[in-house]
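The values are calculated or read from the model by the stated rules, or taken from the named source; none is laboratory data. Note that the structure is a prediction, hence the values are computed from the model and not measured. Backbone-built Cβ (ideal geometry, glycine too); neighbour counts: all protein chains shown.
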Amino acid sequence: MRRDPRYDVLFEPVRIGPVVARNRFFQVPHCNGMGYRDPTALAAMRAVKAEGGWAVVCTEEVEIHPSAEITPFIELRLWDDRDIPAVARIAEAVHAHGALAGIELCDNGLNAPNHYSRMVPRGPSSLPIITFTADPVQARAMDKQDIADLRRRHRRAVRRAIEAGFDLVYVYAAHNLGILEHFLSRRYNHRSDEYGGSLENRVRLLREVIEDAKEEAGDAAAIAVRLSVGQFLGEGELTREEVEGVVEMLAELPDLWDFCLAGWEMDSRTSRFAEEGAQEEYLRGLRQRTTRPVVGVGRYTSPDAMVRLVREGLVDCIGAARPSIADPFLPRKIEEGRIEEIRECIGCNICVSGDFTMAPIRCTQNAAMGEEWRRGWHPERIRPKQSEARVLVVGAGPAGLECALWLGRRGHSVTLAEAGRDLGGRVLRESRLPGLSAWIRVRDWREGRLAQMPEVEIFRESRLEAGDVLEFGAAHVVLATGSRWRRDGVARFHTLPIPIEEAAGILTPDDLMEGKRPEGGPVLLYDDDHFYMGGVLAELLVREGFQVALVTPANEVSSWTRNTLEQHAIQARLLELGVELVTGRAVAAIAAEEVELVCIHTGRRSRREAASVVLVTARLPEDRLLRDLEARQAEWADRGVDTVTAIGDAEAPATIAHAVYAGRRFAEELGARMDRDAVPFRRELPELLPWQPR
């Protein structure tokens, strides 16, 4: 197969200063939760993208000095020469597959609480630190010596980056995360000297740092500038006119422009709140203000959309973070004419949650993400089978589909039995909810691949009982039967069932997704799950005309979605729709026409009318088949059954990403000798330096 000629433009080389990118696919810097703690795992992850055809593969932000570090977040560091080997490993891994290696240097400025270094933060003005966690720390206004220190430290970091082998070095002024953007903005820059006031003055430090970087790099590396061209920060933010002014003032100074939005939560909006290409309106008109190549992002997975961007002159390179995570081989698949094999990003931002939870990056679509070195997984390949054992997978939700796919790719004979007519399980049901339509890609990609695999036989409308499974006689039985939402109030706040009158109108998310609706109003939706489901169902009901109050023990709705950068958007939408938000309250008891609430802070109780109650609480594994099979374990050997294993939600309910990971893990580990007490993945341990006890 070869690529469609329509996409030839995407594979034209692009000159970036002294270096040349082999095509227009550009993995922009993105976080990953590994950073300085897991440098080899990080290098392996970036290497797979280079292998997959990305012409430029960049790091995440890299701290240049301990005076501006962002603990608890785990990013890369280039504080001194001792950090060079760790970042050099990344450049080397990227180069091994013929790609250019980029590094994003960053002084975090007002975004740096310095919890680790305990150094006093610095900013253009004396203001509180503006981190996601509202740290009770303020920055002091930088004096001329501080500015000189910043320039010197950044220049030294450029030198170290080049010594480490990087081809492209970023000057970072974006996402409201770096000091150079803070100097640009009247929101944070209240200075009256030559670095404040007019736009020309506020641009001064950015200009100086770019000039320093260019001089230090010479012809050894290209210098890129990442700039926020759309800001959603509030009073004093950069206006569109000012953004255009910045680009015009510095137009030819860098070797490449990377345009994005600020803050980060706007640049990486979930698919629930932004379609593919949502940034385009902010890119228009900027490419014409510079002759340098321009990179822009928009969660693009369609090669036709990519071609249009280039043809219309919006960008020269197709920037991607999340699409490169979901499918590191996206460029190669386009080049080889395998468009239908692209594993499209669903825009759920589970990848982002790795950074916020200080854990290695994960992806709902690509279970190998973050596991390339730790477990030796690859997004496209898996080692051959070690036996001829047949496998029966029961349940075609995300765990079952993933498991069958990778078992088939190993060469096993697999039978996938699904109780319903349609494949997809919870993915199918949830993708029908407001804003979640892109999630069906989890089902569609796997169903499409399985249809091409003679090793996997799929039986629909095949609900199996224990006797059916034993009669089938597969050596390995995988139960991916999912879970169901509880209707007794048990979750985080209540770990025992709450009093519920028999006449009370109780519904669960399963009921609503199956088409059932409250018999009347008002409706009280109790969310003790704290992820997306409560907010999505409240939106569903109010759009259908129900009067809805969302009650949650948390102090904000959908609180865990701070980790996916969408809590603010969820709360705003519910308020705009007229959903009443009752926070800091738990449901204590449910009667036929009213609900008793308890304040989680004071214990005070109150009552409110509720004709129907939707309980978004905990889930229970659908494990009846597992228990029935365990009760008949004495029959296994005679029927040729060696193992019966529950995976995904059938083992322990969690996210869709957890379910997909569970399916891949079973396929990877089938036939391997597993030490149940051993650490099941590789990790790097720090070197102990000499120490003399006192």
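Residue by residue, here is whether (1) β-branched (Val, Ile, Thr); (2) surrounded by 15 or more Cβ atoms within 10 Å (Cβ to Cβ); (3) in contact with a Lys or Arg (Cβ under 8 Å, 6 or more places away or on another chain) holds:
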residue	(1), (2), (3)
Asp107	no, yes, yes
Asn111	no, yes, no
Asn114	no, yes, no
Leu127	no, yes, no
Gln145	no, no, no
Arg151	no, yes, no
Arg155	no, yes, no
Asn176	no, yes, no
Ser192	no, no, no
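When you check Arg159 against the structure, is it free of Cβ contacts under 8 Å to residues at least 24 places away in the same chain, outside any loop (DSSP other than H, G, I, E, B) and either over 18 Å from Gly245 (Cβ atoms) or not acidic (Asp, Glu) (or both), yes or no?
Numbers: free of Cβ contacts under 8 Å to residues at least 24 places away in the same chain: no; outside any loop (DSSP other than H, G, I, E, B): yes; either over 18 Å from Gly245 (Cβ atoms) or not acidic (Asp, Glu) (or both): yes.
Answer is no for this residue.
Can we say Val679 is out of contact with any Gly (no Cβ under 8 Å at 6 or more places or on another chain) and either loosely packed, with under 14 Cβ neighbours inside 10 Å or β-branched (Val, Ile, Thr) (or both)? I'd like the intermediate steps shown before the answer.
Numbers: out of contact with any Gly (no Cβ under 8 Å at 6 or more places or on another chain): yes; either loosely packed, with under 14 Cβ neighbours inside 10 Å or β-branched (Val, Ile, Thr) (or both): yes.
So Val679 fits the description; yes.
Where residues in segment 518-545 are of a type in the set (D, E, K, R) and buried (at least 16 other Cβ atoms within 10 Å of the Cβ), which of them is nearest to the chain's Cα centre (by Cα)? Spell out how you get there, then give the answer.
Step one: of segment 518-545, the residues of a type in the set (D, E, K, R) are 519, 527-529, 539, 543-544.
Next cut, buried (at least 16 other Cβ atoms within 10 Å of the Cβ) only: 527-529, 539.
Working: Asp527: 23, Asp528: 23, Asp529: 20, Glu539: 23 Å.
Looking at the filtered set, the residue picked out is Asp529.
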When Met119 is run through (1) part of a loop (DSSP other than H, G, I, E, B); (2) of a type in the set (A, V, I, L, M, F, W, C); (3) closer than 28 Å to Gly230 by Cα, the failure sits at (3)
Heads up, the helices (runs of 4 or more DSSP H) in segment 249-353 (entirely inside) with at least 1 residues that are basic (Lys, Arg) and surrounded by 21 or more Cβ atoms within 10 Å (Cβ to Cβ) are 322-326, 330-335
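Restricting attention to strands (runs of 3 or more DSSP E) lying wholly within segment 578-640, give those where 3 or more residues are surrounded by 15 or more Cβ atoms within 10 Å (Cβ to Cβ).
Details: elements: 580-583, 585-590, 594-599, 605-609, 612-616, 619-621.
The strands (runs of 3 or more DSSP E) meeting that bar are 580-583, 585-590, 594-599, 612-616.
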Open item on the list: If I filter segment 553-563 for residues that are surrounded by 21 or more Cβ atoms within 10 Å (Cβ to Cβ), in contact (Cβ under 8 Å) with a residue 40 or more places away in the chain and within 21 Å of Arg619 (Cα to Cα), do I get at least one hit?
Closed with: yes
Of the listed residues (Ala161, Ala134), the one being of a type outside the set (Ser, Thr, Tyr) and at pLDDT 95 or above is Ala161
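Quick one: in segment 173-218, of everything that is part of a helix (DSSP H, G or I), among the hydrophobic types (A, V, I, L, M, F, W, C) and over 14 Å from Leu253 (Cα atoms), which residue is farthest from the chain's Cα centre (by Cα)? Break it down into steps so the answer makes sense when it comes.
First, pick out the residues of segment 173-218 that are part of a helix (DSSP H, G or I): 179-184, 199-217.
Keeping just the survivors that are among the hydrophobic types (A, V, I, L, M, F, W, C) gives 179-180, 183-184, 199, 203, 205-206, 209-210, 213, 217.
Filter once more, so that each one left must be over 14 Å from Leu253 (Cα atoms): 179-180, 183-184, 199.
Details: Ile179: 25, Leu180: 26, Phe183: 29, Leu184: 28, Leu199: 35 Å.
Of everything passing the filter in segment 173-218, Leu199 is farthest from the chain's Cα centre (by Cα).
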